[in-house]
Structure formats: structure tokens, C-alpha cells
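J.: Have a look at this one.
The values are calculated or read from the model by the stated rules, or taken from the named source; none is laboratory data. Given the structure is predicted, the values throughout are model-derived calculations rather than measurements. Accessible surface is based on the protein model in full, side chains and every heavy atom, while ligands, DNA and RNA are left aside. Shrake-Rupley method; radii C 1.70, N 1.55, O 1.52, S 1.80 Å.
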Amino acid sequence: MAKVTTKGQITIPKAIRQILGIGTGDKVLYYDLGDGSVAMRSARLSALRELQGAFDGAAEEAGLETEEDVVALVREVRRDMAGR
């Protein structure tokens, strides 16, 4: 439970901060679940999931099927970067 201040602020209990993996200066997102309740999530986790979704299928499109394919691509990119 948290008490709302006159400025509309609350303190997130330590146990909840630990569950979310958030600390001083981190941001949280609130989601309206549509049933009168709200969920809270670490913004870092949401950003990571969004980024992960943006790359979904990219490996297949690039023809990367194995770990060796990825290593070869990284080596190629490093050679290109070194030649600049």
C-alpha cells in the first residue's frame, strides 16, 4: 500500500522495487488493464522487449542460421569498420 501526496506522488515499496528491478532514477510504465486495475512495469524491461520485437525475424532474413554464421558476420563487420 502507498499513500498519495498532495503532489500526486507515491513511494514504491522496497519489495516491489526489487521485484521490478528498479532503483533511483529509473522509470516505470503504468498500464490500464481495462478492468479498473493498473499494472506497473520497469521501463527498461519494456524497452528491451520492444527492441527484441523489432529484430524478430532479422536473423532469418539475413541468412543467419547458426552461431557460426553470426560470428562470421561480426568478423566481416569488424573488418569493414577497421578499413574505414
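J.: For the chain, just run the numbers: alpha carbon Rg, then divide by 2.2 N^0.38 Å, N being how many residues it has.
T.: Details: Rg = 20.8 Å, N = 84, 2.2 N^0.38 = 11.8 Å.
Compactness ratio reported: 1.76.
J.: A further question on this structure: Enter the angle in degrees (range 0 to 90, nearest 10) between the Cα long axis of helix 43-54 and the first principal axis of the Cα atoms of the chain, meaning the one along which they spread out most.
T.: The two axes meet at around 40 degrees.
J.: I would also like to ask the following. Got a number for carbon plus sulfur as a percent of the chain's accessible area, 1.4 Å probe?
T.: Values: 4140 of 7590 Å².
Exposed carbon and sulfur together represent 55 percent of the surface.
J.: For the chain, report the accessible area per residue in Å² (1.4 Å probe, heavy atoms, rounded to an integer). List each step's numbers first, then the result.
T.: On the way: 7590 Å² over 84 residues.
Per residue, the chain has an accessible area of 90 Å².
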